[in-house]
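The values are calculated or read from the model by the stated rules, or taken from the named source; none is laboratory data. This one's a predicted model, so the numbers in the text were calculated from it and none came from an experiment. So basically every Cβ, Gly included, is an ideal-geometry build from the backbone, and we count neighbours across all protein chains shown. Ligands, DNA and RNA are excluded from the accessible area calculation, which covers all protein heavy atoms including side chains. Shrake-Rupley method; radii C 1.70, N 1.55, O 1.52, S 1.80 Å.
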Amino acid sequence: MAQLLDGVVLVDPTGVILSANEAALRMHGVSTIGDLGGTAEGYAKRFALWSGNHKPLKHREYPLFRLLAGESMPDSVVEVAPAGTEQVRWVHEVRDVLMDDDGGEPDYLALVISDVSERFDAEARFKAMFNANPAPAIVVGLRDHRIMQLNPGFEALTGFQPAELVGQKLVSSDLLGCLADPQTFWRLIDSGTVVPQTDAELLTADGSRRLVVFAGQPIDVTEEDALLLTFADLEPRREAETALADSEGHLSAVFEMAPVAMVVTRDRDHRISRVNAAFRRLTGYSDDEAVGRTANDLQLWNSSEERAALERDLVADGGVRDRDGLLLSKKGLKIDCVVSAETVSLERAPCVLWVYQDMTERRRSEGELAGAISEVMKDASWLSQSILDKLANLRRPKVAMPSVELSPREREILDLICDDHDDTAIAERLGLSRNTVRNHVARIYSKIGTNRRSGAVVWGRERGMGNQYD
């Protein structure tokens, strides 16, 4: 007994503690056999015991009393502390031994104790870490590949409860699918070595699968050799990639079908990566001629300085809107455009989307219309006031003006006001008195809604008035 590493406590059938070796005393934190209590009853008064899952034991459940009652204890685990202490000091694994000299009733009863405190401390720490770890994880036994534990993170990821998986073999559970190299994976499992990061389709409780990456690490803090498998959920990334691909597919369709010319250039070198059908029609360049080249290579801009200024503003502001630009077609024809540009991300690379709206015909038509209106308005005496206002609006289509009826005399006076003539000059020009001119001016102010001469000038010039007598 003295040489044994395990502790041994020898009792007779009446419950008297006959002997205890040094290992047994050390496992109870005492130095003499008397410190054990002398009897089973005395032992129960000196020490508090719990089960392996920390449930308090009644005295009749103590290993010594079970030994006296003739119960077999194959490797039972108990937690031990001095009486009156709630904090466990030791964890004992105990078994019973009966000794009989004459073949009748046992003459001696022995309790063999192994101190497994360190192992249980390590297991407790591992269990706490395992359950607290936010990363989904499971523990798989190396002997038979059965699932031993799963943590809350794994339950949340898959929807499985422990009762549904614990005890099942990893291979028969079909938990891991679509392994790139299943033979290598199972060989690593069998050998109990590290499993490097591997992609897989992880089965969930509803029968669907999620894309994950996992890795395995051998551990020795459980009752048997095991492998810890830790998972990272890649399903959100896959969904994002799918959504991005769909979005880029939709963008490509919209890009190609857009009625205005569009070009995508790479941000790093300004080379064209994509053009749409409207651009090809507008400039005459095909995909093969445009893609991979810069606007400077194509001599797309009539003025390189104008293009450089736009690119500088794009870098400074992240985008430009409705800027005038003059492009050149493949044949050298000038194309009057309104240009916009915006920095975008395409296929995970920074790019610039250029939009060219052809204004050539519109501006030519507007110029012709404005010229015609100017010719008409040189002699407007035969037109009504409402027609004149509408013609003035056509000359400046961006400004929506309300129609105001002025008499021919009031229009003459307002024309001269717009030409910067004062009341005295107007009176002399029209052969009127100054008071008459002032009365007309007051009525003009009232009709057009202003009380200042500058306001009348702005109102009249917006409607094409002035410069008729020069």
Give VAL275, VAL212, VAL195, VAL264 a once-over and let me know the one that is in contact with a Lys or Arg (Cβ under 6 Å, 6 or more places away or on another chain) and either at pLDDT 95 or above or open to solvent by less than 30 Å² (accessible area, probe 1.4 Å) (or both). VAL264
Looking at (1) of a type in the set (Ser, Thr, Tyr); (2) open to solvent by less than 60 Å² (accessible area, probe 1.4 Å); (3) out of contact with any strand residue (DSSP E or B) (no Cβ under 7 Å at 6 or more places or on another chain), can you tell me which one THR242 breaks? (2)
I'm trying to understand the selection: among the residues of segment 78-108, which are part of a strand (DSSP E or B), modelled with pLDDT of 90 or more and hydrophobic (A, V, I, L, M, F, W, C)? VAL78, VAL80, ALA81, TRP90, VAL91, VAL94
So for segment 258-273 (the condition being under 21 Å from VAL344 (Cβ atoms), of a type in the set (A, V, I, L, M, F, W, C), touching a residue at least 12 places away in the same chain (Cβ under 8 Å) and in a helix (DSSP H, G or I)), does at least one residue qualify? no
Apart from one, (1) open to solvent by less than 30 Å² (accessible area, probe 1.4 Å); (2) modelled with pLDDT of 90 or more; (3) not hydroxyl-bearing (Ser, Thr, Tyr) all hold for ALA456; the odd one out is (2)
Given (1) touching a residue at least 12 places away in the same chain (Cβ under 8 Å); (2) touching an Asp or Glu at 6+ places or on another chain (Cβ under 7 Å); (3) closer than 30 Å to ALA24 by Cα, identify the lone condition not met by ASP115. (2)
Mind checking whether some residue in segment 142-158 is part of a loop (DSSP other than H, G, I, E, B) and modelled with pLDDT under 85? no
Can you find even one residue in segment 212-219 that is out of contact with any helix residue (DSSP H, G or I) (no Cβ under 9 Å at 6 or more places or on another chain), in contact (Cβ under 8 Å) with a residue 60 or more places away in the chain and either farther than 25 Å from GLN161 by Cβ or outside any helix (DSSP H, G or I) (or both)? yes
So which residues in segment 328-343 are without any contact (Cβ under 8 Å) to a residue 12 or more places away in the chain and either open to solvent by 70 Å² or more (accessible area, probe 1.4 Å) or over 18 Å from ASP297 (Cβ atoms) (or both)? LEU333
Please work out which residue is nearest to TYR108 (Cα to Cα), limiting yourself to segment 26-67 and to residues that are in a helix (DSSP H, G or I) and of a type in the set (Gly, Ala, Ser). ALA40
Subset tally (residues that are over 18 Å from TRP301 (Cα atoms) and among the aliphatic types (A, V, I, L, M)) for segment 344-364: 3
Kindly check whether there is at least one residue in segment 228-251 that is free of Cβ contacts under 8 Å to residues at least 40 places away in the same chain and assigned to a strand (DSSP E or B). no
Given the options GLN168, GLN149, GLN161, GLN87, name the one that is exposed (fewer than 12 other Cβ atoms within 10 Å of the Cβ), within 37 Å of the chain's Cα centre (by Cα) and farther than 21 Å from ALA40 by Cβ. GLN161
Can you name the residue in segment 43-65 that is crowded, with 16+ Cβ neighbours inside 10 Å and over 60 Å from the mean Cα position of the chain (by Cα) and is also nearest to VAL94 (Cα to Cα) among such residues? LEU64
Just the residues that are surrounded by 15 or more Cβ atoms within 10 Å (Cβ to Cβ), closer than 18 Å to SER454 by Cβ and acidic (Asp, Glu), please, taken from segment 411-432. ASP415, ASP419, ASP423
Residues of segment 159-172 being farther than 15 Å from LEU229 by Cα and either part of a helix (DSSP H, G or I) or among the acidic types (Asp, Glu) (or both), which ones? PRO162, ALA163, GLU164
Qualifying residues in segment 223-239 (those that are acidic (Asp, Glu) and open to solvent by 70 Å² or more (accessible area, probe 1.4 Å)) - the one nearest to PHE126 (Cα to Cα): GLU223
